Amino acid sequence: MKRRATSIVRGRVQGVGYRDRVLEKALELGIAGFVENEPDGSVKVVCEAEEGVLQKFPSSIEIKHEPDKGIILVKSV
């Protein structure tokens, strides 16, 4: 049965290619939805898929690279 989930991702996630990485992962897993920047600097992820897939998705988008290089650093999903 398909479910819908909304996650708010905080950290260094705007202007660093994070939304593109989430889209790539969603396509790999067959997840539909959208990703958008929020005014407070977070990113909203709305996705729809089978429940088992949705349970795995948050950990797959918890990307952590070296923050001193100015790239993605997810602090919370």
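Each reported figure results from applying straightforward, stated rules to the coordinates on display, with no laboratory input. Just so it is clear, the structure is predicted and the values come from calculations on it, not from any experiment. Note that each Cβ is placed from the backbone with ideal geometry, even for glycine, and that neighbours are counted across all protein chains shown.
Quick one: divide the alpha-carbon radius of gyration of the chain by 2.2 N^0.38 Å and tell me what you get.
1.05
Restricting to DSSP H runs of at least four residues, report the calculated mean residue ellipticity at 222 nm for the chain, -39500 (n - 2.57) per run over all residues, nearest 500 deg cm²/dmol.
-8500 deg cm²/dmol
Tell me, what ³J(HN,Hα) does each residue in region 30-45 have, in order and in whole Hz, if you take phi through Karplus 6.51 cos²θ - 1.76 cosθ + 1.60 with θ = phi - 60° and put x for Gly and Pro?
Ordered by residue, 3J(HN,Hα) equals x, 9, 9, x, 8, 10, 9, 6, 9, x, 7, x, 8, 10, 9, 10 Hz.
Within region 23-77, list the GluC sites (Glu not before Pro) lying in a DSSP loop whose Cβ has at most 15 other Cβ atoms in a 10 Å radius.
In loop regions of region 23-77 (DSSP not H, G, I, E or B), the sparsely surrounded GluC sites (Glu not before Pro) are E62.
Can you return the lysines within cross-link range of K75? Criterion is Cα-Cα under 24 Å, with same-chain partners fewer than 8 residues away left out.
Here the lysines satisfying the reach criterion relative to K75 are K25, K44, K56, K64.
Whole-Hz Karplus ³J(HN,Hα) for region 11-21, in order, using 6.51 cos²θ - 1.76 cosθ + 1.60 and θ = phi - 60°, x for Gly and Pro?
Computed from phi, the couplings for region 11-21 are x, 8, 10, 10, x, 10, x, 5, 4, 5, 5 Hz.
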